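The values are calculated or read from the model by the stated rules, or taken from the named source; none is laboratory data. These numbers come from a predicted model, not from an experiment. Virtual Cβ from ideal backbone geometry, glycine too; neighbours counted across all protein chains shown.
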Amino acid sequence: MLDRSATSLDGKVAIVTGGGGGIGRAISETFAAHGAKVVVAERHAERAAETVAAIEGRGHAAVASVVDVQRRDEVESMVATALDAYGRIDILVNNVGDFLGITHRFIKTDEDDWEALYNINLKHVFHCTKAAVPQMIEQGDGGSIINVSTIEAFRGIPGNVAYSAFNTAITGFTRSLALELGPEKIRVNAIAPETTDTLQVPVSQWIPPENRDRIPYLTPLGRYGTVDDAAGCALFLASELSAWVTGTTVHMDGGALAAGGFYRLPSGAWTNNPLVDAGAIGAPDAGPDGGIGD
Ligand SMILES: NC(=O)c1ccc[n+]([C@@H]2O[C@H](COP(=O)([O-])OP(=O)(O)OC[C@H]3O[C@@H](n4cnc5c(N)ncnc54)[C@H](O)[C@@H]3O)[C@@H](O)[C@H]2O)c1
């Protein structure tokens with residue numbers, strides 16, 4: 001039987017990139033609340049300081065590392081900050097990623113877009129992992145690397161071809177690195193969020209008031225993601241709860257990927273063809289075998 005210690009991160013040191021905002025901040029605060037000492041690795045100095053203050057205010061330990069994770073020299077300083085402050089690294093969360101507001105057809109994507117999306121979605125995963133893993137190996141008692149990608153790594157997204165390409169690469173990176181680091185008991189997994197209300201994606205502000213009554217029908221679980229949904233997945237992957245889980249991705253998506261093109265209508269019926277009301281599964285006139293929404 002697992003007791004409460006299975007969710008404990010006592011004695012662990014975690015680096016969380018982008019740890020001062022959005023999903024990263026929730027992960028920083030949640031890890032600290034479960035006993036980890038947290039390095040809030042964040043480009044925005046004020047956000048880093050606010051997050052550290054919030055963690056310390058609850059009596060937990062954190063240190064800020066103001067860093068642009070796209071820069072190798074700054075990433076090396078980030079690792080040095082972790083070692084100076086806490087002497088070890090047990091958990092690395094490669095959380096930074098951004099679509100940079102670039103939403104146009106691939107044929108309009110220029111080389112600068114491609115480079116910028118590569119740097120902010122994939123290149124830093126190389127720098128941060130390369131910088132932290134030797135220390136984790138040297139410690140000799142395992143560890144956990146958690147990469148945050150996106151549900152768009154598992155389905156197509158028009159207007160974001162480059163973003164989805166670099167995030168899909170994270171899936172392969174996660175799988176292959178898990179094999180290499182398995183013998184050292186360093187687990188490597190990923191989290192793929194569907195739309196989650198954050199600084200980058202303030203979806204609750206984007207939806208016009210007149211459309212808000214449709215939110216419950218967008219995903220099987222009937223809402224957008226929250227940063228705490230992501231923090232819960234990260235805690236699972238960081239802790240002993242996932243001791244035998246490596247090389248995989250948690251789809252944090254309210255069931256969106258399982259639904260594929262299906263979604264619910266206000267009647268409660270399911271459809272993958274909104275043009276054909278009468279054929280919806282569970283619609284009153286769908287016949288005796290179509291009644292899964294009844
Ligand atoms: N929010 C969503 O709907 C959503 C959906 C799918 C995937 N994701 C992924 O989740 C992760 C977190 O997204 P979010 O929405 O919380 O983002 P966010 O922009 O709200 O927060 C990111 C944080 O990282 C910091 N940051 C950005 N660039 C940095 C850099 N180069 N170096 C250090 N810090 C940096 C920012 O200052 C900010 O505090 C990303 O990888 C993103 O692609 C988010």
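Brief remarks on what is shown
- Filtered residue count, region 1-26, keeping only those that are part of a loop (DSSP other than H, G, I, E, B) and near the ligand (Cβ under 7 Å from one of its atoms): 3
- Filtering GLU180, GLU184, GLU115 for residues that are at negative phi, touching a residue at least 40 places away in the same chain (Cβ under 8 Å), surrounded by fewer than 18 Cβ atoms within 10 Å (Cβ to Cβ) and away from the ligand (no atom under 13 Å from the Cβ) leaves a single hit, GLU184.
Residue-wise test of (1) farther than 21 Å from THR7 by Cβ; (2) in contact with a strand residue (DSSP E or B) (Cβ under 7 Å, 6 or more places away or on another chain); (3) assigned by TED's automatic domain parsing to the domain that holds ASP141; (4) in contact (Cβ under 8 Å) with a residue 40 or more places away in the chain.
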{"residue": "ILE207", "(1), (2), (3), (4)": "yes, no, yes, no"}
{"residue": "ARG212", "(1), (2), (3), (4)": "yes, no, yes, no"}
{"residue": "ILE215", "(1), (2), (3), (4)": "yes, no, yes, no"}
{"residue": "THR219", "(1), (2), (3), (4)": "yes, no, yes, yes"}
{"residue": "TYR224", "(1), (2), (3), (4)": "yes, yes, yes, no"}
{"residue": "VAL227", "(1), (2), (3), (4)": "no, yes, yes, yes"}
{"residue": "LEU237", "(1), (2), (3), (4)": "no, yes, yes, yes"}
{"residue": "MET252", "(1), (2), (3), (4)": "no, yes, yes, yes"}
{"residue": "ASN272", "(1), (2), (3), (4)": "yes, no, no, no"}
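- Evaluation of ALA36 against the conditions (1) more than 14 Å from the ligand (Cβ to nearest atom); (2) surrounded by 17 or more Cβ atoms within 10 Å (Cβ to Cβ); (3) within 20 Å of SER176 (Cα to Cα); (4) of a type in the set (Gly, Ala, Ser) shows that the sole unmet condition is (3).
- In region 80-105, residue modelled with the lowest pLDDT [restricted to those that are buried (at least 17 other Cβ atoms within 10 Å of the Cβ), more than 12 Å from ILE120 (Cα to Cα) and within 14 Å of the ligand (Cβ to nearest atom)]: ILE102
- Matching entry among THR109, THR150 (being within 15 Å of PHE166 (Cβ to Cβ), crowded, with 21+ Cβ neighbours inside 10 Å and touching a residue at least 12 places away in the same chain (Cβ under 8 Å)): THR150
- Restricting region 187-202 to residues that are of a type outside the set (A, V, I, L, M) and within 6 Å of the ligand (Cβ to nearest atom) leaves a set whose member that is nearest to GLU240 (Cα to Cα) is PRO193.
This table checks each residue for (1) assigned to a helix (DSSP H, G or I); (2) within 16 Å of the chain's Cα centre (by Cα); (3) farther than 23 Å from VAL69 by Cα.
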| position | (1), (2), (3) |
| --- | --- |
| ILE157 | no, no, yes |
| TYR163 | yes, yes, no |
| PHE166 | yes, yes, no |
| VAL188 | no, yes, no |
| VAL201 | no, yes, no |
| ASN211 | yes, no, yes |
| VAL245 | no, no, yes |
| GLY254 | no, yes, yes |
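- Failed condition for ALA132, given (1) buried (at least 21 other Cβ atoms within 10 Å of the Cβ); (2) farther than 19 Å from ARG71 by Cβ; (3) away from the ligand (no atom under 11 Å from the Cβ): (2)
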